[in-house]
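**Q** Supplied in structure tokens, the structure appears directly below.
FYI, it's all coordinate maths here, none of it is from the lab. Bear in mind that the values here come from a model prediction, so they are computed numbers and not experimental data. Positions of Cβ are generated from backbone atoms using ideal geometry, with glycine treated the same way; all protein chains shown enter the neighbour counts.
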Amino acid sequence: MKKWMLVLLLALSVLTLSSCRQQESPSQDSGMQPLGQLQQSPLEQPQEPVVEGLPPGYNPSVEEGDSIPLPDAQFDEFGVAMHAGATPIPLDPVDMPPPTKRPELTFNFATYTASKLGISFESVAGYIVDDSQPDVYVLTEPIEQQKDNYSVVFTFSRNAVTAGYSISNLRADLRNFAYDLGKINYQEWRVSNIAERTLLGKPGAYVTFRGVMYDGTIVRGRVHMALLDNNRVLTIQYSGPGEYNTDYSDNVFKRIRSTLKAL
């Protein structure tokens, strides 16, 4: 009898342990998933940042490195590269449209004679002549041909110097003359280095200059001096609107110099 009671108690113990283990194990129908397979709610998932003004799918993080892919950049309707950050700024010359090339000026030339200076030359036809002073001859562009609120002016002058005057003296006078031109009516003034060049086959030198007037007008020009015979210095001064400097310095000034003759 005691043996049967012992067997019954052992059987009950086994059934009790089996039931406890089943309660500790998750049920296949409970809806739970293994830890590594948990999914976040759509509200908890990280969203790709959206930057206003950027093309769809553009990743701003590519701009954090040393090289921004400008060749592959996308552009808006104004030709401005679209990148992350503040308001897009055109990057010249990458984003800016190429400037429209201004057509070169064309000139008709005529012969001018400055009898008091003993010279003749060719320059733009129709310029206003002022030879009221004995040793000065001035050509001024008519106002109806004026560009950028500034008329082109060519001034020819001649002055006597001492017998010991040399090309070194001329270079010093040239420098001082050019700097003095910028002392009135200009807020900025720059003068180039001196370069040697003849006039009428005589030794000479010239400088170029650039000035900004108080109203913002940009003026460019040249001063050329040469030491002539009989202790005389001939000076040719040109000034004109900065935007058209190449037209006048390359075409007109060179025409004057190449056609200059002594009477």
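**Q** How charged is the neighbourhood of ARG232? Take every other residue with its Cβ under 11 Å from the Cβ of ARG232, and add Lys/Arg as +1 and Asp/Glu as -1.
**A** Once all neighbours under 11 Å are counted, the net charge is 0.
**Q** Please list the radius of gyration and Dmax for region 109-262, considering alpha-carbon atoms only, with Å as the unit.
**A** Spelled out, the Cα radius of gyration and Dmax of region 109-262 are 15.1, 46 Å.
**Q** Hey, another quick one. Would you work out the Kirkwood radius for region 132-191? I mean one over the mean of 1/r across all pairs of different Cα atoms, in Å.
**A** Details: mean 1/r = 0.0696 Å⁻¹.
That comes to 14.4 Å for region 132-191.
**Q** Expected output is a single nm value to one decimal: the length gained when fully extending between ILE143 and ARG197, i.e. 0.36 nm times separation in residues minus the C-alpha distance. What is it?
**A** Numbers: separation 54, 0.36 × 54 = 19.44 nm, distance 3.17 nm.
In short, 16.3 nm is gained.
**Q** Measuring from label point to label point, each 7 Å out along Cα→Cβ, what is the GLU104 to ALA172 span in nm?
**A** That separation, rounded to one decimal, is 4.1 nm.
**Q** Continuing with the same structure: Among SER123, SER168, which comes first, second and so on when ranked by fewest other beta-carbon atoms within 10 Å?
**A** Neighbour counts put them in this order, fewest first: SER168, SER123.
**Q** Considering the dipole of region 109-262 built from charges on the beta carbon (Lys and Arg +1, Asp and Glu -1) around the Cα centre, which of GLN146, TYR214, ALA226 is farthest to its positive end?
**A** Of GLN146, TYR214, ALA226, it is ALA226.
**Q** Too long at a 24 Å Cα-Cα cut-off: which of LYS147/LYS202; LYS116/LYS183; LYS202/LYS254; LYS116/LYS254?
**A** As for pairs spanning more than 24 Å Cα to Cα, those are LYS147/LYS202; LYS116/LYS183.
**Q** Around LEU105, with a cut-off of 12 angstrom between Cβ atoms, what is the net charge of the other residues, counting Lys and Arg +1 and Asp and Glu -1?
**A** Taking every Cβ under 12 Å from that of LEU105, the sum is -3.
**Q** Between ASN251 and ALA163, how high is the FRET efficiency from 1/(1 + (r/R0)^6) when r is the Cβ-Cβ distance and R₀ = 41 Å? Nearest 0.05.
**A** Between ASN251 and ALA163 the formula returns 0.60.
**Q** When you count, for each residue, the other Cβ atoms within 10 Å and take the mean per peptide, how do 220-226, 130-136, 205-211 rank with the highest first?
**A** 220-226, 205-211, 130-136
**Q** How large is the translational diffusion coefficient of region 223-263 in µm² per second when you combine the Kirkwood radius over alpha carbon pairs with Stokes-Einstein at 25 °C and 0.890 mPa s?
**A** Roughly 211 µm²/s, to the nearest whole number.
**Q** Right, another one. Starting with the fewest neighbours, write out LEU139, LEU227 ranked by other beta-carbon atoms found within 10 Å of each beta-carbon.
**A** Arranged by neighbour count, lowest to highest, LEU139, LEU227 become LEU227, LEU139.
**Q** Rounded to whole Hz and in sequence order, give me ³J(HN,Hα) for region 222-239 from the Karplus expression 6.51 cos²θ - 1.76 cosθ + 1.60, θ = phi - 60°, writing x for Gly and Pro.
**A** 8, 10, 10, 10, 9, 8, 8, 5, 6, 6, 10, 10, 9, 10, 10, 10, 10, 9
**Q** Let me ask something else. Hey, can you grab everything whose amide H is under 5 Å from the amide H of ARG197? Only 5+ residues off in sequence or another chain; H modelled, so Pro and N-termini drop out.
**A** For ARG197, whose amide H was placed from the backbone, the distant partners under 5 Å are GLY204, ALA205, TYR206.
**Q** Moving to a separate point now. What is the distance, in nm, between label points placed 7 Å from the Cα along the Cα-to-Cβ direction at THR111 and at ILE218?
**A** Each label point is offset 7 Å from its Cα along the Cβ direction, giving 3.8 nm.
**Q** What number comes out for the charge environment of LEU117, summing +1 per Lys or Arg and -1 per Asp or Glu over other residues with Cβ under 12 Å away?
**A** Net local charge, LEU117 excluded: +2.
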